[in-house]
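Step one of this worksheet: look at the structure below.
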Amino acid sequence: MRKYYNKIDRIAGSVATLKADNVGYEEIAKVQGSWGESLAQVIRVDRDMVSLQVFAGTRGLSTGDKVHFSGSAMKFAFTDDLLGRIFTGSGEPRDGRCELTDNLVEVGGPSVNPAVRLMPNRMIPTNIPMIDVFNTLVEGQKLPIFSIPGEPYNELLARIALQAEADIIIIGGMGLKYDEYLYFKDTLESGGVMSRSIMFIHTASDPIVECIQTPDLALMVAEQFALEGKKVLVLLTDMTNFANALKEISITMEQIPSNRGYPGDLYSQLASRYEKAVVFENGGSITTISVTTMPGDDVTHPVPDNTGYITEGQFYLKNGAIDPFGSLSRLKQQVNGKTRDDHRAIMDGCIQLYSQCRETREKKAMGFEMSAWDEKLLKYGDAFESEIMSFSVNTSLFEALDKCWEILGRYFEPVETGIRSNLCDKYWPKKADS
Amino acid sequence: MSVIGKIVTVDSNMVTAQVEGNVRQNAVAYCKRYDGVKLMSEIIRVRGDLVDMQVFELTRGLKVGDEVEITDEMLSVELGPGLIGMVYDGLQNPLTDMAKKVGIFLEPGNYLEPLDKKRKWEFEPTAEVGDVVKAADNLGKVKENIFDHYIMAPFMLKGEWTVEKLAPKGSYTVVDEIAVLKNSEGETRSVTMTQRWPVRIPLGIYRQRLLPSTPMVTKQRIIDTFFPVMLGGTYCIPGPFGAGKTVLQQITSRHAEIDLVIMAACGERAGEVVETIREFPHLKDPRTGRTLIERTIIVSNTSSMPVAARESSVYTAITLAEYYRQVGLNVLVLADSTSRWAQALREMSGRLEEIPGEEAFPAYLESTISRFYERAGMIELNDGRHASLTVSGTVSPAGGNFEEPVTQGTLKVVGAFLGLSYARSYARRFPAIDPLESWSKYEGIIDNEKVAFAHSFLARGKNINEMMQVVGEEGTSTDDFVIYLKSEFLDAVYLQQNAYDEVDAACAPERQRYLFDLVTRVLEHKFDFATKDEARKTFFKLTEGFRNWNYTPWGDPKLKEIEEEVENYLAGGKELEANA
Ligand SMILES: Nc1ncnc2c1ncn2[C@@H]1O[C@H](COP(=O)(O)OP(=O)(O)OP(=O)(O)O)[C@@H](O)[C@H]1O
Ligand SMILES: [Mg+2]
């Protein structure tokens, strides 16, 4: 027999506290009131008092509203019928179609044993040279895009989604503006991939607790597909909103903040989501690309900072391009040694020269005389930006490598590039006149 | 003997229970979930009849009124032959067995035997019946990989005991009795090859502690030459994310001249552990010809595994290391990252509602860090052999700013500081150890004065470079410009080392000394350049020549060719060729 409780003692923030017995930690409850109903999760049991985090928030909640406990933790359906569907952060249909109740799977379960993981070793081509050549994306990787608000990060996510050959695409949207949500929906539909996509969308106007649930639902579903051997691409945007939701809730829970108001477990909270990225022995995998907007372009802000310590690199989006400085794919060496023998040398050589070019530009801006070497660097930098870095470049890895050699050959002597002589011998463009 | 209590509060991974009877601080307890699954926990505070416990598992499903079984044993590890090559979680569960028995996920409540109880070991007694022994005295030995694994009298023994019985040479499992000891009161004790030790209590039984005096060769030039580490010493590697802390530790785990490496992956990426688990069985240890996994133990509590077990994992790792030091080996612990351990402390301290210190870390953070590093050391064992435990910890400071409690607390206690800089990793100058910030209190493989001479170019070069940013190249004298070029040259061909090049990845001491002398010759040389462009060109060529030298195997005749060309040039001979 289900027991109903109808006396809530305390209501604060998104948390409601009531007297109840035989309730498990993290159990799901349903709260019903005149305003509608909402799921809630047990976040603390203390003697006979139970604290619930109400997904829909406590606005309008009455102390006399009805609560009953489900007897289990948060569950969500896992079936092939999920494909093409759109849900809210608490798992309700957002597309006006039916609710799914088959094959319920617990959300937020234990983590994968490291001993069963495989090393990621397959490149994911994106046809963006700043990724493919300089910071190769690898299947099973977790990689955020660090961006100041206003950069085309969602466009970049969408472009990767359409280009990467994933079996399943899952989008977790947190705090999205409504038109961002529509943008993703339209892009997936017009790109012809909606039938193998699933969206979990929390918009800026939805309750804050649902923002925290969004990545968990997305990743649970991703994990189930990966266990079936599917290659899943998960796109999470914007994880800064997720972290801010955590902050808001921990402050109402009166937890002692560690850094700029964020809870002390921010690292662990982010890590438990990002660490879902995996490659299994059966060929299934989860690759996670996320967006972390940097308040005030400050990478030392707790959200990008903690993220950087968790993920396997990051792409900095600046002035509409992936900036080679600071951007890093930490798994690139798993794959770039077996693409083409000049891949690593080009990757290092071009960036070192480009970095010198940037120094030279600064010197020039300060009015210093330019040496012959400086002039070379400046010309090279301009060419590199327009022919390699630009967002409009869409070309395969090998073509991009060839292009890099061509640019180097245009401005430098082999010895000036710092690239090993045996590679220069092999790839240096032959001068037409000799 | 255990005491039963009842849960009164569940707050994330902290559970409070009400108990009657005696309980011990840091004792292990098990919270019994509704479905019978027992979740391992540790008592961290006692208040009257209330005990607060950190639970090493997800507490989902625990209820008020659930039973708690409180043991009398402190959180301990099992010690004995067979630990090497294992991959454990922070509570010493063997993860590979766990995968076989439990499946893909780390389902709570599964605890497996750390050591294989069926495997037989060839035991050879080294003591004799009638011998008088104390704790940690040798009774016999078995061969574990290439090591003589001494089987010792239990570490917990008090006073002197006589060997009553000793197993003859033969093969035994770790649970077979191999000796019986008796003390003057007539008490007897059966001894096997295994014993347990509480992780929070340092294990060190020795004649005396010695000052570290032998360099630990890492084969990284910048470390061995400029910021050396010694056997039995401690060093820390702070750095912002992506600066290369983990890679530096991984390189060290592969190339360091040490008997045994214990890698403590503490709250970091699972993928990094996987790399070690999957690669070490196939990588050769050039010193022994065996695989690297045969000199490695992995203790892994990665960032998505429960936080309380993360805190205990560093203690598990260091206790295993102390044990092998006791066996007689030189052991290196690589802890990545001690900041995650400190954060775990912080989380628990917050739940205990302790008064927070800086950045909400508990007030005892500093003493906890220093007690951890104090467990390192070089010792003289009971039998006179020397053995050591070296500890390296990475630190992940928030925002990459070293002025934070964990970095500062660590700097106070370690013997060497290898600070990684964002600027160097950004410029891909790896290993990104900042040569102007870092320090070491130890002596290395090259004479101090020579090192200081080379090092002096770095600061001067940096100053000149900064000056050049203001006054431009034309405002800089050619002499100064050459000093700047020399410092860049030293950086490029000596400090920087390519971890992904087969040859350059590891530079043996002999090769380091040789290269150091060659590089010093260039640094000492008085160049006579007409223009800065000429100077720059020459240094381009010198750098390229030396780079190729670094990529050429030791003993290859090509090395000599490159050297001769450089010598020739320095002696006023012919110009360097473009592609040396
Ligand atoms: N010695 C090296 N040689 C070449 N590349 C390196 C070296 N060290 C680091 N890198 C590059 O930097 C990346 C990041 O290094 P690493 O993972 O060691 O950083 P970290 O300091 O441990 O970061 P985090 O704190 O986030 O764990 C590597 O993936 C690699 O691309
Ligand atoms: Mg690391």
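Values in this text are rule-based calculations from the coordinates and carry no lab data. As the structure is a prediction and not an experimental result, all values here were calculated from the model. Note that each Cβ is placed from the backbone with ideal geometry, even for glycine, and that neighbours are counted across all protein chains shown.
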DSSP-defined beta bridges in the range A:76-332 - what % are antiparallel, rounded to 5: 30
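I need to check one value: relative contact order of chain B, counting alpha carbon pairs closer than 8 Å and at least 6 residues apart, in percent.
Value for chain B: 13 percent.
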Starting from the Cα gyration tensor of the protein assembly as shown, take the square roots of the eigenvalues, sort them a ≥ b ≥ c, and report rounded, prolate or oblate (rounded when a/c is under 1.5, otherwise prolate if a/b is larger than b/c, else oblate). oblate
Whose amide H sits under 5 Å from the amide H of residue A:65, counting only residues 5 or more places off or on another chain, with H placed in the peptide plane? A:8
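Relative contact order (percent) for chain A, with alpha-carbon contacts under 8 angstrom and 6 or more residues of separation?
Normalised by residue count, the contact order of chain A is 16 percent.
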Of every Cα-Cα pair in the range A:135-258, the percentage lying beyond 24 Å is 29
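Dividing the alpha-carbon radius of gyration of the range B:240-397 by 2.2 N^0.38 Å (N being the number of residues), what value is obtained? Numbers along the way, then the final one.
Details: Rg = 16.4 Å, N = 158, 2.2 N^0.38 = 15.1 Å.
Here the Cα radius of gyration is 1.09 times the empirical estimate.
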Residue-averaged 222 nm ellipticity for the protein assembly as shown, from DSSP H runs of 4+ at -39500 (n - 2.57), nearest 500: -9500 deg cm²/dmol
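Between residue B:568 and residue B:162, what length in nm is gained on full extension when 0.36 nm per residue of separation is reduced by their alpha carbon distance?
Roughly 139.0 nm would be gained on extension.
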Net charge near residue B:536 (other residues with Cβ under 13 Å of its Cβ; Lys, Arg +1; Asp, Glu -1) is -3
Using every pair of alpha-carbon atoms in chain A, split the distances into 20 Å bins beginning at 0 and state the percent of pairs per bin, rounded to integers. 24, 49, 21, 6, 0
When A:253, B:230 are ordered from fewest to most other Cβ atoms inside 10 Å of their Cβ, what list results? A:253, B:230
Starting from the Cα of residue B:110, step 7 Å toward the Cβ, then list every residue of the range B:6-47 with an amide N under 20 Å from that point. B:30-41
Using the C-alpha atoms of the range B:448-570, what convex hull volume per residue, in cubic angstrom, is computed? 106
On the Cα set of the range B:3-74, report Rg and Dmax in Å, please. 10.4, 29
For residue B:20 and residue A:102, FRET efficiency with R0 = 60 Å and r from the beta-carbon atoms, rounded to 0.05? 0.80
Rounded to the nearest 0.05, FRET efficiency between residue A:325 and residue B:200 (Cβ-Cβ, R0 35 Å) equals 0.20
Out of residues 5 or more away from residue B:296 or on other chains, whose amide H comes under 5 Å of its own, with H placed 1.01 Å from N in the peptide plane? B:85, B:261
Cα-Cα over 28 Å: which of A:318/B:486; B:141/B:284; A:318/A:376; A:338/B:462? A:318/B:486; A:338/B:462
Which distance in Å, rounded to a whole number, links the C-alpha centroids of the range A:8-51 and the range B:488-563? 68
Measure off 7 Å from each Cα along the Cα-to-Cβ vector at residue A:177 and residue B:148, then give the distance between these two points in nanometres to one decimal. 7.4
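Taking the highest mean first, how do the peptides A:241-251, B:65-75 order by number of other beta carbon atoms within 10 angstrom per residue?
Averaged packing, sorted descending, gives the order A:241-251, B:65-75.
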Is the C-alpha gyration tensor of the range B:411-454 telling us rounded, prolate or oblate? Criteria: a/c under 1.5 is rounded; beyond that, a/b larger than b/c is prolate, otherwise oblate. oblate
Using the reciprocal of the averaged 1/r over all distinct C-alpha pairs, how large is the Kirkwood radius of the range A:267-355 in Å? 15.2
So for chain B, what are the equivalent ellipsoid semi-axes in whole Å, largest first, each being the square root of 5 times an eigenvalue of the Cα gyration tensor? 50, 29, 20
At a Förster distance of 41 Å, what's the computed FRET efficiency of residue A:426 paired with residue A:281, Cβ-Cβ distance as r, to 0.05? 0.65
